[in-house]
Amino acid sequence: MIDVTKSFGNEQVLDHVSVRFESGLIHGIVGRNGSGKTVLLKCVSGFLTVDSGRILIGGRAVKPAAAQDIGIILETPGFIGSLSGFQNLKLLASLRNAIGAGRIRDAMTAVGLDPDSRKRVSTYSLGMRHRLGIAQAIMEEPRLLILDEPMNGLDKRGVLEIRELLKTVRGRGTTILLTSHYAGDIDALCDTVSEMDGGRLTTKS
């Protein structure tokens, strides 16, 4: 990311941000609400275009989100409530047609969900929805994983399980960008930590 700016009207949300995230590590981004963390992740994901500057992934310019080899959780995951978790992921996987049912089942099992359950997503708890969102993000084994507050809604056991899962994903060589309001997640998971404040990103460790 090189000298990136992004504004909405008169509000500058990203102020000449430059940073390099080393591949194969978990990089934490912290900051108060409204500091620009989610906007930064949306720009990296390709959901938002920057006003100036460049964002490169693997040496190539960012493309629209669906065309990139990335897994994404931004805000509360949205699914079709009348379908089961497996049916939702199967439908989403069909958009790229890159994986089969076996990989979907493996991803659901990895996050603690039963792929054979017929329970409709409309009846899922918030924690279950976030588990399903993580399963969606990892099921195609992307090179880059972008997670905005992935632990929201999870109980203590769920948080510990997802932390271990993310460590396993990192072990496969996946780069992870992670935001969290919980210092425990940052301390337990992240190889580097950067702070967003006033539209600027400062590396803390």
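Could you please give the count of residues in the range 168-188 that are within 14 Å of the chain's Cα centre (by Cα) and over 18 Å from Thr38 (Cβ atoms)?
4
Residue by residue through the range 141-186, note down the ones that are in contact with a strand residue (DSSP E or B) (Cβ under 9 Å, 6 or more places away or on another chain), farther than 12 Å from Val111 by Cβ, among the hydrophobic types (A, V, I, L, M, F, W, C) and in a helix (DSSP H, G or I).
Within the range 141-186, Ala183, Ile186 qualify.
Under 9 Å between Cβ atoms, which residue pairs at least 6 apart in sequence (or on different chains) link something in the range 42-64 that is at positive phi with a partner that is charged (D, E, K, R) and modelled with pLDDT of 95 or more?
The qualifying pairs are Gly53/Asp3; Gly53/Lys6.
Give the range 100-114 a look and list any residue that's surrounded by fewer than 19 Cβ atoms within 10 Å (Cβ to Cβ) and over 19 Å from the mean Cα position of the chain (by Cα), or say none.
Gly100, Ala101, Gly102, Asp114
If you go through the range 18-49, how many residues are touching a Cys at 6+ places or on another chain (Cβ under 9 Å) and more than 20 Å from Leu145 (Cα to Cα)?
Of the residues in that region, 0 qualify.
Return a yes/no flag: does the range 120-140 have any residue that is of a type in the set (Val, Ile, Thr) and part of a loop (DSSP other than H, G, I, E, B).
No, there is no match, as no residue in the range 120-140 is of a type in the set (Val, Ile, Thr) and part of a loop (DSSP other than H, G, I, E, B).
Would you please name the residue that is surrounded by the most Cβ atoms within 10 Å (Cβ to Cβ), looking only at residues in the range 1-18 that are out of contact with any helix residue (DSSP H, G or I) (no Cβ under 9 Å at 6 or more places or on another chain) and of a type in the set (Val, Ile, Thr)?
Thr5
Based on this model, can you work out whether Arg96 counts as touching a residue at least 12 places away in the same chain (Cβ under 8 Å), under 30 Å from Arg60 (Cβ atoms) and assigned to a helix (DSSP H, G or I)?
For Arg96, the condition - touching a residue at least 12 places away in the same chain (Cβ under 8 Å), under 30 Å from Arg60 (Cβ atoms) and assigned to a helix (DSSP H, G or I) - is not met.
Since Leu25 meets every condition but one in (1) farther than 22 Å from Lys204 by Cα; (2) modelled with pLDDT of 95 or more, which condition does it not meet?
(1)
Go through the range 25-74 residue by residue and tally those that are surrounded by 14 or more Cβ atoms within 10 Å (Cβ to Cβ) and of a type in the set (Lys, Arg).
Qualifying residue count for the region: 2.
Which residue pairs have Cβ atoms under 9 Å apart, sit 6 or more places apart or on different chains, and have a first residue in the range 79-91 that is charged (D, E, K, R) and a second that is part of a helix (DSSP H, G or I)?
Within 9 Å, the pairs are Lys90/Ala101; Lys90/Ile104.
The values are calculated or read from the model by the stated rules, or taken from the named source; none is laboratory data. All figures in this text were calculated on a predicted structure; none of them were measured in a lab. Cβ coordinates were reconstructed from backbone atoms using ideal geometry, including for glycine residues, and neighbour counts include every protein chain displayed.
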